[in-house]
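Quick notes on the structure that follows.
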Amino acid sequence: MPTHFCVSRQTAEDFMRLFVNRLAYCIQREKTPSDGSAPYIKQKRPLDLGAVRMHLNGDATISLYAINPNTQRCKWVAIDADFDGAVDALFQLRHELKQDGIEAAPEQSRRGGHLWIFAEEPLLASLCRIYIYNAALRLGVPVKGGGLKEGIEVFPRQDQIADGAYGNAIRAPLGVHRKSNRRYWFYDADVTPEAQLAYLQGLKKLTATQLETLTQGMKLPEAYRPPEPVPFVPRTPILGQREFRILDYVQTTGKQDSRNWKAQCPSCGEAGRDRSRNNLGIKISDPRFYVCRAGCTKEEIRAALGQPIRKAAMA
Ligand SMILES: [Zn+2]
């Protein structure tokens, strides 16, 4: 059984100041005996000191969202790593960050570790992400996504979120993980909520000016950038022109790779499939060539567009 604590209101306030950037949160459910899952349930009421105290005491476990949609900023960045060699990668990253004057705190986790960076004042999520992705790239630390299945994950997971959206939540530190029924502490402090918070408060905080300087001229590495939306400009059909042009009928949603546009396959779409709008690949250099990766035939695609392929031309 994990140790039970009885933290003061002051300790809960210290926790709030460091970790809470918006009051939306989730509570982790007790482990389901049948499948061992312990999902997080979004709460209707805003987070308060009472819930934070329960979290620190070990009576409930909360998760927190990184981005505040009103500002698109975050109070912290957490790097989650749970692959082979994850802990080594996190300590390597910590060392690299130190060279840039950033103090980061490694925390144990159920399957690897987390590395936390705290902000002096809330920082733009997009800049935080640019900085960490580039630092990881410099070190050769893999970042999940952009073609890689394994690698670190950066919270905030989004550059920005829509009004009313939440983005991704991460289990708040210092509480009890309901899956393993244990606490995962930061490495460099005694294992009580008070000692851990005192250690975190003592870390140097990242300032907006420092982050702006560090990311000057940097972008998110290309593989991780969201595809740029391609505006749909319907073309006026030229009278008498017979050639069918797929780009007159579908809206591309980005690039599949360097050679092909991607779009929703009309035939898949008609059947309510391809919601991610990327089944159809259209050759950029010659849009007469297009193919549905779910296997729809050219005939089916044309029929779905109301432009059936004509049977043998009457030459
Ligand atoms: Zn299709």
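Taken together, the values in this text are just the output of simple stated rules run on the coordinates, not laboratory data. Just so it is clear, the model here is predicted, and its values are computed rather than measured. Cβ: placed from backbone, ideal geometry, glycine included. Neighbour counts: every protein chain shown.
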Check your understanding: So what J values fall out for region 34-48 if you push phi through Karplus, 6.51 cos²θ - 1.76 cosθ + 1.60 with θ = phi - 60°, rounded to Hz, Gly and Pro as x?
Key -> 5, 10, x, 7, 9, x, 9, 10, 5, 9, 7, 7, x, 4, 9
Check your understanding: For the chain, what is the percent of antiparallel DSSP beta bridges, rounded to the nearest 5?
Key -> 95 percent
**Study point:** Per-pair calculated FRET efficiency, R0 = 30 Å: Thr3 and Ala223 via Cβ, rounded to 0.05
**Key:** 0.10
Check your understanding: With point charges of +1 on the Cβ of Lys and Arg and -1 on the Cβ of Asp and Glu, referenced to the Cα centre of the chain, which listed residue (Gln251, Ser37, Ala271) lies farthest in the positive direction of the dipole?
Key -> Ala271
Practice item. Please give the peptides 207-218, 248-259 ranked by average Cβ packing (other Cβ atoms within 10 Å per residue), highest first, as a rough proxy for protection. Key: 248-259, 207-218
Practice item. Show the residues, 5+ positions off or on another chain, whose built amide H is closer than 5 Å to the amide H of Leu206. Key: Phe118, Ala119, Glu120
Practice item. Just grab the label-to-label distance for Val191 and Gln92, each label 7 Å out from Cα along the Cβ direction, in nm (one decimal). Key: 2.8 nm
Practice item. Could you list which residues have their amide H under 5 Å from that of Asn279, counting only those 5 or more apart in sequence or on another chain, with H placed in the peptide plane? Key: Ala263, Cys265
Point to revise | Karplus-derived 3J(HN,Hα), 6.51/-1.76/1.60, for each residue of region 115-120, Hz, glycine and proline x | key: 10, 10, 10, 10, 9, 5
Revision key, fill the gap. At R0 = 45 Å the Cβ-Cβ FRET efficiency linking Asp35 and Glu120, nearest 0.05, sits at 0.60
Practice item. Sticking with the crude label model, points 7 Å out along Cα→Cβ, report the distance from Gln251 to Ala271 in nm, one decimal please. Key: 2.3 nm
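Around Ile67, with a cut-off of 13 angstrom between Cβ atoms, what is the net charge of the other residues, counting Lys and Arg +1 and Asp and Glu -1?
Numbers: positive: Arg22, Arg73, Lys75, Arg129, Arg157; negative: Asp159, Asp163.
Surrounding charge for Ile67 is +3.
For a protection proxy built on the mean count of beta-carbon atoms within 10 angstrom, sort 51-58, 265-272 highest first, please.
Working: 51-58: 22.4, 265-272: 18.9.
Final packing ranking: 51-58, 265-272.
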Review point. Roughly how tilted is helix 86-99, in degrees to the nearest 10 and between 0 and 90, from the longest Cα axis of the chain?
Key: 80 degrees
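Taking 51 Å as R0, compute the FRET efficiency from the Cβ-Cβ separation of Thr209 and Asn181 and round it to 0.05. Spell out each step's value before the answer.
Working: r = 43 Å, r/R0 = 0.84.
That pair, Thr209 with Asn181, gives E of 0.75.
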Check your understanding: For the chain, what is one quarter of the convex hull surface built on the Cα atoms, given in nm²?
Key -> 21.4 nm²
**Study point:** Crossing angle, helix 193-202 versus the chain [Cα axis fit, 0-90 degrees, rounded to tens]
**Key:** 70 degrees
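Can you order the peptides 97-104, 18-25 by their average number of other Cβ atoms within 10 Å per residue, highest first?
Values: 97-104: 15.8, 18-25: 19.8.
Per-residue Cβ counts within 10 Å, averaged per peptide and sorted highest first, yield 18-25, 97-104.
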Review point. ³J(HN,Hα) across region 49-55 via Karplus (A = 6.51, B = -1.76, C = 1.60, θ = phi - 60°), whole Hz, x for Gly/Pro?
Key: 4, x, 5, 5, 5, 4, 4
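Quick check: net charge around Glu300, other residues with Cβ under 14 Å of its Cβ, Lys/Arg +1 and Asp/Glu -1? Could the numbers behind the result be given before it?
Working: positive: Arg273, Arg293, Lys298, Arg302; negative: Glu270, Asp274, Glu299.
Taking every other residue near Glu300 into account, the sum is +1.
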Practice item. Give the long-range amide H neighbours of His177: residues separated by 5 or more places, or on another chain, with amide H under 5 Å away, using H modelled in the peptide plane at 1.01 Å from N. Key: Arg182, Arg183, Tyr184
